[in-house]
Structure formats: C-alpha cells, structure tokens
Amino acid sequence: MKPEEIRDIAINALDEMKGIDIVSMDVRTLTSITDYMVICTGRSSRHVKALAESVSIKAKEHGVGFVRTEGEKESEWVLVDLGDVVIHVMTPASRSFYSL
C-alpha cells in the first residue's frame, strides 16, 4: 500500500471521530524514518485514546501490516506508528506545550 493511501486512511479515521485541527506533513525530504506525519488534537484524554484506537482499527481493516501504538495509558499524547505514516494524537494542553 502506498504511503499516501495509509495517510488518507488515518486522516479519514481521525475526521470520522471528530479529531480537531488535523495536519498532515510530508517529511520525506527531512527524515528516513517515515514519509508522512499527521498531527491531531482530541478534546480530552479519553477522546485522544478513542482517536488513536480508531486509526489503528481502520489501518488493520485496510490491510496495513505494521501498526504500533505508544502512550495509551496516559493518553495525553498517543503515537500511532503505521510505518510510512506516523500519527500524533494529543490533548490541547500537550499540543500547545510542544507548539505543534
């Protein structure tokens, strides 16, 4: 699956769950770790966790073979790693603190 398709699956999942201020960045010229980074804000830690879970579920449903998450316990900032696409889902306070 192309990185752009994985990115679009993630963005659609975030949008369906009412993610706030979704931003996609093409980082292919900046790093070899991933092709795209997507940043999204959730209304609360519970919403952040639900957004990240939705991305993971949709990615698996579409056959994305690599799906890893970190930060679900506190859910202030949850990272969903889909290999070619990395999604950062944050509370408003976390996103503000890191100026993202």
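Take the residues in the range 26-52 that are open to solvent by 70 Å² or more (accessible area, probe 1.4 Å) and in contact (Cβ under 8 Å) with a residue 12 or more places away in the chain, then tell me which one is nearest to THR69 (Cα to Cα).
Residue satisfying both the conditions and the ranking: LYS49.
Here SER96 meets the list (1) touching a residue at least 12 places away in the same chain (Cβ under 8 Å); (2) more than 27 Å from LYS2 (Cβ to Cβ); (3) of a type in the set (Ser, Thr, Tyr); (4) assigned to a helix (DSSP H, G or I) almost entirely, failing just condition (1). Selection of the range 75-93 for residues being touching a His at 6+ places or on another chain (Cβ under 7 Å) and part of a loop (DSSP other than H, G, I, E, B) yields an empty set. Scanning the range 72-89 for residues that are farther than 20 Å from ILE6 by Cα and touching a helix residue (DSSP H, G or I) at 6+ places or on another chain (Cβ under 8 Å) turns up GLU72, GLU74, SER75, GLU76, TRP77. Pairs linking a residue in the range 60-78 that is open to solvent by less than 90 Å² (accessible area, probe 1.4 Å) to a residue that is of a type in the set (Phe, Trp, Tyr), with Cβ atoms under 8 Å and 6 or more positions apart or on different chains, are GLY71/TRP77. For the range 13-25, a tally of residues being open to solvent by 40 Å² or more (accessible area, probe 1.4 Å), of a type in the set (A, V, I, L, M) and under 17 Å from VAL86 (Cβ atoms) returns 3.
The values are calculated or read from the model by the stated rules, or taken from the named source; none is laboratory data. Because the structure is predicted, anything quoted here is derived from the model rather than measured. Note that we place each Cβ from the backbone using ideal geometry, even for glycine, and neighbour counts take in every protein chain shown. Surface areas here come from the heavy atoms of the whole protein model, side chains and all, with no ligands, DNA or RNA. Shrake-Rupley method; radii C 1.70, N 1.55, O 1.52, S 1.80 Å.
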